[in-house]
Every structure is written in C-alpha cells, then in structure tokens.
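The values are calculated or read from the model by the stated rules, or taken from the named source; none is laboratory data. Since we're looking at a predicted model, the values are computed, not measured. Cβ placement follows ideal geometry from the backbone for every residue including glycine, while neighbour counts extend to all protein chains displayed.
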Amino acid sequence: MSRGLFIVLEGIDGSGTTTQCARLKAWMEARGRRVLTTFEPTSRVLGAHVRAGLQGQLKEAIDPATMALLFAADRLDHITHEITPALESGVDVLCDRYVASSLAYQTESLPLEWIRQINERALVPDCTLFLRVDPDVALERIGARQGEHRDLYENRDMLVGVASRYEALFARGDVSATILDSEQDMDTVTRELEALVESLLER
C-alpha cells in the first residue's frame, strides 16, 4: 500500500483555506482517492484549550510563549493520532494550517528560532499551498462570515503583520510553498489548486 499525500493549505484568516480544503477533498474523492481533511488547532483536548484561548473563553489569560507551546503540543498529538495513521494507511491528508502558521502568527512577539525549535519534530508536508489575500479583503470576508465576533488574531493590525511575516518566510526560504492569488473568484482558485494537486498525483 502506498503512503498518502500530506498537503497543507496556509493563509491569513479570511484567505479561504477552510473552503478550499473542503472543495479539494470533494475533487480528490471524485478521482477515487481516500481523503482526510483536518485542521489546526485541532478539536482534540489540547486543541480545544488553544481555541478557547483564542476566543477569550478561558478564565485566566495565557501568555504568548505558553500559547505557542500549546500549539506545538497539539500539533504533535495531531501528527501521532490522526495525520500519520491516515498517511500510513494510504489516505491523503489535507490540513488547514500547520507549522507555517505558527512561524507567521507567533513570531509577532516570540523569536522565530524558538518557534522553529519547538516544532522541529513536526512531519514535513509533501506540499504547502499558500492562499495570498490582502488583509482588508480578508477582514471583509471575516465580517461577512461571523459578524463582529472575532478571534484574537482577527483584526487589521494583526493580519497585516501576519501577512508580512508570511511573505518574509517565503522570501528567506524558511518555508517552501506554492503561492496562489486568493482574491480571484472562488472557482478560479479551486481550479488552480486542483491543477497543482493533479501534478502531485501524477508523480
């Protein structure tokens, strides 16, 4: 049995990663592939704590370094219990956010090298696809999707900073990714993603 493909979609909040993961899954399954879609932070125990912290639902505040460690721990748990078993059973894995998100989001206040170190045991994806979108466009999408309720990172200053840090990661070669223009209409982005994944399937 051949190993499944591990594909990651990255982008700032509002870039469309969740929508495009669902669309890619449907397209791949129509081609006879078995596909698991997953996301980070996860819905497992550690991921639930991370999400509660991002949504301001915890009774006590969590400092950025502790939050980064929780993200990294949730990721290792994710790899051990979901991603690796699926890949080894021949199932393709589409992951909505992964290590690059930590490198872009958490380095607002923490050293890049430290974030890299606490994630050094993370499994390397076969492909990372980055959906590039202007922060103002992303905020419009977030507002249309959920009104005034926002997570910790869903404000303009944060998104501008995160977008800039993503671009710096790509420019320095810290993260290898194929970049797509996510400001195009949704169907066009989907077709471009399908073409990229098609090339992976043909290898």
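Determine whether Val160 is farther than 23 Å from Ala22 by Cβ and more than 16 Å from the chain's Cα centre (by Cα).
Values: farther than 23 Å from Ala22 by Cβ: yes; more than 16 Å from the chain's Cα centre (by Cα): yes.
When the stated conditions are applied, Val160 passes them.
Residues are listed down the side, and each one gets a yes or a no for (1) at pLDDT 95 or above; (2) more than 21 Å from Arg75 (Cα to Cα):
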{"site": "Asn119", "(1), (2)": "yes, no"}
{"site": "His149", "(1), (2)": "no, yes"}
{"site": "Thr178", "(1), (2)": "yes, yes"}
{"site": "Leu193", "(1), (2)": "yes, yes"}
Region 102-120: number of residues that are in contact (Cβ under 8 Å) with a residue 40 or more places away in the chain, of a type in the set (S, T, N, Q) and either over 18 Å from Ala168 (Cβ atoms) or surrounded by fewer than 23 Cβ atoms within 10 Å (Cβ to Cβ) (or both)
3
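Which of the following residues is of a type in the set (Val, Ile, Thr), within 18 Å of Leu9 (Cβ to Cβ) and in contact with a helix residue (DSSP H, G or I) (Cβ under 9 Å, 6 or more places away or on another chain): Val35, Val137?
Values: Val137 fails: in contact with a helix residue (DSSP H, G or I) (Cβ under 9 Å, 6 or more places away or on another chain).
It is Val35.
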Contacts under 9 angstrom Cβ, first residue in region 79-90 being in contact (Cβ under 8 Å) with a residue 40 or more places away in the chain, partner of a type in the set (S, T, N, Q) and surrounded by fewer than 12 Cβ atoms within 10 Å (Cβ to Cβ), 6 or more apart:
Gly90/Ser2
Can you run down the residue pairs with Cβ atoms below 6 Å, 6 or more apart or on separate chains, where the first is in region 121-146 and small (Gly, Ala, Ser) and the partner is part of a helix (DSSP H, G or I) and at pLDDT 90 or above?
Ala122/Arg75; Ala122/Val99; Ala138/Leu159
Residues satisfying the stated conditions in region 6-34, i.e. within 30 Å of Met67 (Cβ to Cβ) and either in a loop (DSSP other than H, G, I, E, B) or over 16 Å from the mean Cα position of the chain (by Cα) (or both)
Gly11, Ile12, Asp13, Gly14, Ser15, Gly16
Looking at Asp126 and the list (1) in contact with a Leu (Cβ under 7 Å, 6 or more places away or on another chain); (2) surrounded by 18 or more Cβ atoms within 10 Å (Cβ to Cβ); (3) more than 23 Å from Val160 (Cβ to Cβ), which single condition is not satisfied?
(2)
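I want to confirm something. Restricting to region 42-69 and keeping residues that are assigned to a loop (DSSP other than H, G, I, E, B) and touching a residue at least 40 places away in the same chain (Cβ under 8 Å), which single residue is farthest from Ile83 (Cα to Cα)? So that I can check it myself, show each step before the final result.
Keep residues of region 42-69 that are assigned to a loop (DSSP other than H, G, I, E, B), which gives 42-44, 55-63.
Restricting the remaining residues to those that are touching a residue at least 40 places away in the same chain (Cβ under 8 Å) gives 42, 55-56.
Values: Thr42: 11, Gln55: 25, Gly56: 28 Å.
If we take residues in region 42-69 being assigned to a loop (DSSP other than H, G, I, E, B) and touching a residue at least 40 places away in the same chain (Cβ under 8 Å), then Gly56 is farthest from Ile83 (Cα to Cα).
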Suppose we filter Gly56, Gly16 for residues that are in contact with a strand residue (DSSP E or B) (Cβ under 8 Å, 6 or more places away or on another chain) and of a type outside the set (Asp, Glu); which single one remains?
Gly16
Output the residue which, of all residues in region 129-147 that are at pLDDT 80 or above and basic (Lys, Arg), is surrounded by the fewest Cβ atoms within 10 Å (Cβ to Cβ).
Arg141
Any residue in region 158-169 that is within 14 Å of Gly11 (Cβ to Cβ), surrounded by 12 or more Cβ atoms within 10 Å (Cβ to Cβ), touching an Asp or Glu at 6+ places or on another chain (Cβ under 8 Å) and not hydrophobic (A, V, I, L, M, F, W, C)?
yes
Just give me the residues in region 45-69 being within 16 Å of the chain's Cα centre (by Cα) and closer than 19 Å to Arg121 by Cβ, in sequence order.
Gly47, Val50, Ala68
